[in-house]
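The values are calculated or read from the model by the stated rules, or taken from the named source; none is laboratory data. All values derive from a computational prediction rather than experimental measurement. So basically every Cβ, Gly included, is an ideal-geometry build from the backbone, and we count neighbours across all protein chains shown.
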Amino acid sequence: MKKAVALLGLVVVLSWLAFTAGALRSDGTGGGDPIEAARGVIASLLETPLASGDLAAPATAGCRQEGIELSVATGQTCTFTVAPGGSRVRRGLIRMRQGMGEAVFSPAPSAATRPGPTARKLGGDRTLDLFAYEEGGELELSCTDAGGGAACRFRLERPA
């Protein structure tokens, strides 16, 4: 009996994934890559976008946050706090809008196994893909060259 219930559950899940793969086709004809569609469906169930309200700017001159826009004065490093959240992973992209710098995300200590800090030099069109778990963490942004301005500008974006 247990095997029959498990088999029925597997059939339902696979049918749902196949239906979703057809429904996600952008031209409305159905079909598409079922693996990519399944990945998208699973990611949407496990992830939620990191919001500007999840970040808190330090009370330091030269470090500012205005909604999704973050700025760091030239030659300075600012540590933004990523608030603890729910059980779903929060994901966001940190994109450099002006200047050259670096972004480092360090998850807060956790009893669960988590990836270590993620660092990326930013400039041009490069981004840092940030995954914040329920414990939150710290986002450290540094500005090495503001590109003629007084500060580097970063933006928190939703992943595609």
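At a glance:
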quantity	calculated
Odd one out for Val104 among (1) part of a loop (DSSP other than H, G, I, E, B); (2) closer than 20 Å to Leu50 by Cα	(1)
Residues of the stretch 80-92 satisfying the condition of being part of a strand (DSSP E or B) and buried (at least 17 other Cβ atoms within 10 Å of the Cβ)	Phe80, Val82, Arg90, Arg91, Gly92
Residue satisfying all of: in the stretch 150-160; crowded, with 19+ Cβ neighbours inside 10 Å and under 16 Å from the mean Cα position of the chain (by Cα); nearest to Thr60 (Cα to Cα) among these	Phe154
Thr77, sole failed condition from (1) in contact with a Lys or Arg (Cβ under 7 Å, 6 or more places away or on another chain); (2) surrounded by fewer than 19 Cβ atoms within 10 Å (Cβ to Cβ)	(1)
Hits in the stretch 134-150 (condition: out of contact with any Gly (no Cβ under 7 Å at 6 or more places or on another chain) and closer than 14 Å to Cys78 by Cα)	Gly137, Glu138, Leu139, Glu140
From the options Gly147, Gly101, residue that is surrounded by 14 or more Cβ atoms within 10 Å (Cβ to Cβ), in contact with a Cys (Cβ under 6 Å, 6 or more places away or on another chain) and modelled with pLDDT of 85 or more	Gly101
Answer residue from the stretch 87-133, given it is in contact (Cβ under 8 Å) with a residue 60 or more places away in the chain and under 21 Å from Thr74 (Cβ atoms) and is nearest to the chain's Cα centre (by Cα) among those	Ile94
Search result, residues across the stretch 137-148 that are under 22 Å from Gly67 (Cβ atoms), in contact (Cβ under 8 Å) with a residue 60 or more places away in the chain and either part of a loop (DSSP other than H, G, I, E, B) or not hydrophobic (A, V, I, L, M, F, W, C) (or both)	Glu140, Ser142, Ala146
The stretch 42-74, subset assigned to a helix (DSSP H, G or I) and in contact (Cβ under 8 Å) with a residue 60 or more places away in the chain, residue surrounded by the fewest Cβ atoms within 10 Å (Cβ to Cβ)	Ser52
Residue check, Met96 of a type outside the set (Asp, Glu) and either modelled with pLDDT of 85 or more or within 30 Å of Ala146 (Cα to Cα) (or both)	yes
